1. Scan the range 418-442 residue by residue and report those that are surrounded by fewer than 17 Cβ atoms within 10 Å (Cβ to Cβ) and farther than 18 Å from A336 by Cα.
2. Could you give every pair whose Cβ atoms fall below 7 Å, whose first residue belongs to the range 134-150 and is surrounded by fewer than 22 Cβ atoms within 10 Å (Cβ to Cβ), and whose second residue is charged (D, E, K, R) and not in a loop (DSSP other than H, G, I, E, B), counting only separations of at least 6 or pairs across chains?
3. In the range 227-238, how many are in contact with a strand residue (DSSP E or B) (Cβ under 9 Å, 6 or more places away or on another chain) and free of Cβ contacts under 8 Å to residues at least 60 places away in the same chain?
4. Wholly within the range 313-384, which helices (runs of 4 or more DSSP H) include no fewer than the required count, namely at least 3 residues that are modelled with pLDDT of 95 or more?
5. Given the conditions (1) modelled with pLDDT of 95 or more; (2) more than 25 Å from the chain's Cα centre (by Cα); (3) of a type in the set (V, I, T), and given that T446 satisfies all but one, which numbered condition is not satisfied?
6. If you check G221, G194, which single one turns out to be among the small types (G, A, S) and touching a Lys or Arg at 6+ places or on another chain (Cβ under 7 Å)?
7. Against the definition (touching a strand residue (DSSP E or B) at 6+ places or on another chain (Cβ under 9 Å), within 29 Å of A119 (Cβ to Cβ) and either assigned to a loop (DSSP other than H, G, I, E, B) or not hydrophobic (A, V, I, L, M, F, W, C) (or both)), how does F195 come out, yes or no?
8. Looking at the range 482-497, is at least one residue within 21 Å of P350 (Cβ to Cβ) and in contact with a Gly (Cβ under 9 Å, 6 or more places away or on another chain)?
Amino acid sequence: MHWWQTGVIYQIYPRSFQDTNGDGVGDLKGIAARLPYLVDLGIDAIWLSPVFPSPMADFGYDISDYTGIDPLFGTMEDFDALVARAHAFGLKLIIDFVPNHTSNRHPWFAESRVSRQSAKRDWYIWRNGAPDGGPPNNWLSEFGGSAWQYDAASDQYYYHAFLREQPDLNWRNPAVREAMQDVMRFWLKRGVDGFRVDVIWHLIKDEAFRDNPPNPDYRDGDPAYRSLLPIYSTDQRQVHEVIRELRAVIDEFPDRVLIGEIYLPVEKLAAYYGEGLNGAHLPFNFALIETPWRADAVASLIDRYEGSLPPGAWPNWVLGNHDRPRLASRIGAAQARVAAMLLLTLRGTPTLYYGDEIGMTQVPIPPQRVRDPWGLNVSGQGRDGCRTPMPWDASRHAGFSSAEPWLPLAADSPGSNVESAAADPNSLLTLYRRLIALRRAHAALTKGTYRPVAQSGAVLAFERVADGEALLVALNFGEETENNVLLPNTYRGTVLLSSCPGRAGEAIAGQLTLRPHEGLIILRDSVS
């Protein structure tokens with residue numbers, strides 16, 4: 001099996017991991033300095049959010065140079081040193097690839113904007129206005145308002161799925177594809193182990209630029225973007241040709257991975273593996289983030305996802321990232337332990353978001369300190385609260401920086417941080433370490449099949465089976481004790497790990513009791 005199938009991926013938001021130069025913003029040297037912590041945690045690969053030169057209108061997702069490092073994060077020498085140090089520790093390094101749009105300050109866009117006759121005009125999506133005036137169609141920006149920006153100099157509009165400072169590239173243009181494939185090769189030659197491709201389902205738009213239809217499920221109070229169904233501005237059939245080409249570049253280099261960011265139902269997600277699995281190795285599955293946190297809903301999702309996967313496709317699971325509220329705030333601190341057990345025992349590759357392993361919560365951001373453009377443009381949609389600095393210890397600024405951090409720290413960081421969690425044998429961090437170590441020790445948790453066992457009330461139970469070994473995972477999603485959890489009458493096993501203290505080594509025979517918010521991993525005595 002490949003490393004990206006058996007390993008655990010850990011996402012780092014570089015601005016918020018560790019600052020070494022005292023400017024209040026995390027940097028590459030800071031990430032390098034904290035690698036021993038990640039080795040102790042047990043993860044296998046790091047995924048970095050963007051560190052490329054950028055005006056930072058969207059904090060790095062508006063790139064002005066695809067083959068450089070923004071001075072805010074350090075130098076190319078710092079990046080190369082990070083790659084080398086990570087590899088020396090046995091860690092893989094995945095970086096963000098943002099091909100859908102550039103910064104409006106990228107030289108390509110500057111040239112495109114000069115005139116309608118510019119050599120790079122067709123590198124971006126320029127259109128005449130509607131016959132009766134106004135934008136070419138009704139497409140909306142995810143960050144609020146029309147997705148079309150008028151350019152008075154050329155009397156045309158350019159398309160931006162996100163901020164107006166992020167014009168979309170025209171991926172129907174072969175020159176754009178070639179240029180971006182060369183960007184991939186640049187970083188692959190520097191030793192990166194793969195890419196997480198930003199908004200990969202956006203890359204191709206409807207050739208006729210038809211209006212998107214109304215969303216019948218739109219409700220008052222929803223963001224305006226959701227008032228339309230983006231059936232013509234996203235998820236076009238031709239995008240799979242583009243992804244095949246990106247995969248071909250990846251395949252020029254040994255043992256690299258292509259991960260695609262895709263917010264689609266699992267049934268549609270399956271297409272992004274490609275025909276004959278020639279698409280993304282891992283089309284990111286975010287469904288757990290959006291599924292109601294109930295045993296029945298999660299069980300149904302697992303069945304739907306497993307049932308939708310093409311033959312031979314490898315699953316993956318995500319419970320948090322830089323775009324969604326913190327896990328512990330969504331489901332509560334007690335259930336965060338159950339969530340850790342679920343994420344690290346389901347079949348497939350798990351991705352952790354930095355700080356979830358210590359139970360970081362969503363931090364309230366005072367209005368004067370809001371930084372996220374989405375939050376500034378669309379009330380209630382800001383992502384700053386899940387991007388706050390990692391609290392390492394109880395010192396001033398939590399060991400993150402010697403200066404005031406770019407976003408506020410959580411109020412409880414003096415008592416809730418890596419140092420205190422590492423010293424507590426019953427902490428969430430200790431549970432994560434034990435879970436990851438258990439994955440390494442038992443092939444059933446990395447390559448085993450998935451067998452549903454029971455879903456009743458607040459309890460979800462399933463087995464992972466491989467090489468004559470079976471591990472039962474039983475999870476209580478509720479706050480009441482669950483007695484007599486349904487198991488086969490002949491079931492015998494031993495508790496390997498509990499999310500709550502005191503049950504390791506306990507013998508299980510025929511029936512099972514789960515305490516509130518408890519998860520158990522049980523080694524079955526024999527496998528039939």
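1. Matches in the range 418-442: E419, A423, A437, R440, A441.
2. P136/R127
3. First, the residues of the range 227-238 that are in contact with a strand residue (DSSP E or B) (Cβ under 9 Å, 6 or more places away or on another chain): 227-230, 233.
The next check asks that each one be free of Cβ contacts under 8 Å to residues at least 60 places away in the same chain; those that pass are 229.
Adding up the residues that qualify gives 1.
4. On the way: elements: 327-331, 333-343, 373-377.
Per the criteria, 327-331, 333-343.
5. Every listed condition holds for T446 apart from (2).
6. Values: G221 fails: touching a Lys or Arg at 6+ places or on another chain (Cβ under 7 Å).
So the residue among G221, G194 that is among the small types (G, A, S) and touching a Lys or Arg at 6+ places or on another chain (Cβ under 7 Å) is G194.
7. Values: touching a strand residue (DSSP E or B) at 6+ places or on another chain (Cβ under 9 Å): yes; within 29 Å of A119 (Cβ to Cβ): yes; either assigned to a loop (DSSP other than H, G, I, E, B) or not hydrophobic (A, V, I, L, M, F, W, C) (or both): no.
No.
8. To start, the set of residues in the range 482-497 that are within 21 Å of P350 (Cβ to Cβ) comprises 496-497.
Filter again for in contact with a Gly (Cβ under 9 Å, 6 or more places away or on another chain), leaving 496-497.
Yes, because at least one residue in the range 482-497 is within 21 Å of P350 (Cβ to Cβ) and in contact with a Gly (Cβ under 9 Å, 6 or more places away or on another chain).
The values are calculated or read from the model by the stated rules, or taken from the named source; none is laboratory data. Since this is a predicted model, take the numbers as computed values, not measurements. Cβ atoms come from the backbone with ideal geometry, glycine included; neighbour counts cover every protein chain shown.
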